[in-house]
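Here the structure comes first, spelled out in structure tokens, and everything after it is commentary.
The values are calculated or read from the model by the stated rules, or taken from the named source; none is laboratory data. Here the structure is a predicted model, which means the values were calculated and not measured. Every residue, glycine among them, receives a Cβ derived from its backbone with ideal geometry; neighbour counts consider all protein chains shown. To get the accessible areas, we keep the full protein, side chains included, count just its heavy atoms, and leave off ligands, DNA and RNA. Shrake-Rupley method; radii C 1.70, N 1.55, O 1.52, S 1.80 Å.
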Amino acid sequence: MMLETLFAHQQQEQAFLSLMVCGLVLGAMLHLSIALRRHHPVLGGVWDGLTALCCAAMLFGVMLRYHQGLRAYGALGILLGILLYLAGLSQPIAALSRLLQKYKDSHPPKAGKCPMDDESNLHMDEER
């Protein structure tokens, strides 16, 4: 009885699935925000603002597309999308990130090639 009243109107199923996809995208953006905050706190704050704007735009777009306001099933769809991302897709992405970091750490720059963040070249240029 509860599910029948939850999806009583036409196109609510599509709106729910659209909002679930929005939740997946929002989960990915929040995951990236955590990584950005670790390395660049200011850029992480800017990304959080962009994430909030994207979330509002996604909600507004779905509400305009289906001519309905945000209802309980919409909030459920967003939360379910975020949880699906955090439980499923975030794990392989985090593992790939760790693998790439390990590869980067195991291959130091070759002789004569300085890393991009090396400041020794800056001091040599200032002396000339």
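Of note:
- Ranking of Arg65, Arg71 by solvent-accessible surface, largest first: Arg65, Arg71 (1.4 Å probe, protein heavy atoms only, all chains present).
- Accessible area ranking (1.4 Å probe, heavy atoms, ligands and nucleic acids excluded), largest first, for Ser106, Ser18, Ser33: Ser106, Ser18, Ser33.
- For a paramagnetic label modelled on Leu100 (point 7 Å from Cα along Cα→Cβ), amide N atoms under 16 Å away belong, within segment 35-62, to 35-40.
- Once backbone amide H atoms are built at 1.01 Å from N, Arg71 has no partners under 5 Å, excluding neighbours fewer than 5 places away on the same chain.
- Ranked order, His107, His31 - accessible area, probe 1.4 Å, largest first: His107, His31
- Nearest-10 value in Å² for the accessible area of Leu17, using the 1.4 Å probe: 100 Å²
- Simple spin-label estimate for Leu43 and His107 in nanometres, 7 Å along Cα-Cβ: 2.1 nm
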